[in-house]
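Take a look at the structure below.
The values are calculated or read from the model by the stated rules, or taken from the named source; none is laboratory data. Since this is a predicted model, take the numbers as computed values, not measurements. Virtual Cβ from ideal backbone geometry, glycine too; neighbours counted across all protein chains shown.
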Amino acid sequence: MGNVPLVCICVPTYNAAGTVRETLVSILAQSYPNLVVHVSDNASTDDTLQVIESIADPRVTIHRHEENIGGEGNFNRCIQLAEGKYTAIFHADDVYEPDMVAKQVAFLEAHPTAGAVFTEASTIDEYGNKIGEIRLPQHIESMNGLYDFATMFKAVLRHSNFFICPSVMVRTQIYQQEIKCWRGELFNTSADLDLWLRILQHHSIGYLAERLIRYRISRNQWSAKIRMGTERADFFLVTDYYLAQVPIRNLLDVEAFQNYRWLERRDRAMRAVNLMLMDRSSQASELLHDIISMDALRAATRTKRGLLVLLIGLYVMLASSMGLSKVGKLPLRYMKQVTGK
């Protein structure tokens, strides 16, 4: 296609028969003229392959695998399949706006020091109804639209993982020569955050302030199951790994470590809620040992999230100490349903 760089779109699939058609149609409808699609199926047991096969487009290549090697393993297959100048690994249940690929390529072509570019997202439910938005936190400062490691790691310690995994486009040579694989054995469900931080250690990244993906949040997703977890979030496997490195710690200020403590307390508060919903109120109380502290009060006066954590913690402790755990579960269920936490 002359000077138009080839873009490789990889789509890892597993039992995605209900959504993969809409995903592939949105990819094939991209305004960008030079792309190929590799579908890596992870031994689906439903009609996923039949749905994909029904889409007659020469740009689509299907890779059938008889062995299911897990989500991260299938992402690694996608990295191996990547070709062209740029690669995007898209999810099989999301929908991509027509100009997404074109705008990401334009950004990377204009910013040769950028290793990758993300976008913002609209969120949709399992039926495709819009339910919200995911945006780049407003306070983050960029240089000519680019962000470095220190800036983004500080933002992660403040906001948790705000990177939208299926929105990213990466230079193919970075995926294949530097990243090579997801480190799921170290970081479990947060291996994606580690990947973005690895890129940031050697390259700047871009983040388009446009909602170019419709990101599906379904009650059937693995992430929905994670929200009912009672163990420390995998997110902290990543942050603790990087915080253990002295050169990285030296990039941070007092506020960054404070934000990290507040994120960790929020995680314990949400785990306490889940424990209480499981009638394990004594264990829930143990997680809230510092809910009445100067640091917790300081967080409550500075951020809405800090105030919510304090109120939730106090509520759980009060309901537990008064033996009201059964009645007390009703407001907690409502809170989780409304907030999606």
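Brief remarks follow.
- Positions within region 100-127 being of a type in the set (A, V, I, L, M), touching a residue at least 24 places away in the same chain (Cβ under 8 Å) and surrounded by fewer than 19 Cβ atoms within 10 Å (Cβ to Cβ), in sequence order: ALA102
- The one condition in (1) surrounded by 20 or more Cβ atoms within 10 Å (Cβ to Cβ); (2) in contact with a helix residue (DSSP H, G or I) (Cβ under 9 Å, 6 or more places away or on another chain) that ALA150 fails to fulfil: (1)
- Test result for MET317, aliphatic (A, V, I, L, M), assigned to a helix (DSSP H, G or I) and over 24 Å from PHE153 (Cβ atoms): yes
- Note on region 31-69: residues that are in a loop (DSSP other than H, G, I, E, B), in contact (Cβ under 8 Å) with a residue 24 or more places away in the chain and more than 18 Å from GLY18 (Cα to Cα) total 9.
- Of note, GLU133 satisfies the criterion of being surrounded by fewer than 15 Cβ atoms within 10 Å (Cβ to Cβ), in contact (Cβ under 8 Å) with a residue 40 or more places away in the chain and not aromatic (Phe, Trp, Tyr).
- Hits in region 137-159 - residues which are modelled with pLDDT of 95 or more and either acidic (Asp, Glu) or not in a helix (DSSP H, G or I) (or both): LEU146, TYR147, ASP148
Every residue, every condition in (1) assigned to a helix (DSSP H, G or I); (2) out of contact with any helix residue (DSSP H, G or I) (no Cβ under 8 Å at 6 or more places or on another chain); (3) modelled with pLDDT of 95 or more, yes or no:
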site	(1), (2), (3)
ILE213	no, no, yes
TYR241	yes, no, yes
PRO247	yes, yes, yes
ARG261	yes, no, yes
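- Which listed residue, of ASN129, ASN144, is more than 26 Å from PRO247 (Cα to Cα), of a type outside the set (Phe, Trp, Tyr) and over 18 Å from the mean Cα position of the chain (by Cα): ASN129
- Filter result for ALA224 (at pLDDT below 95 and part of a helix (DSSP H, G or I)): yes
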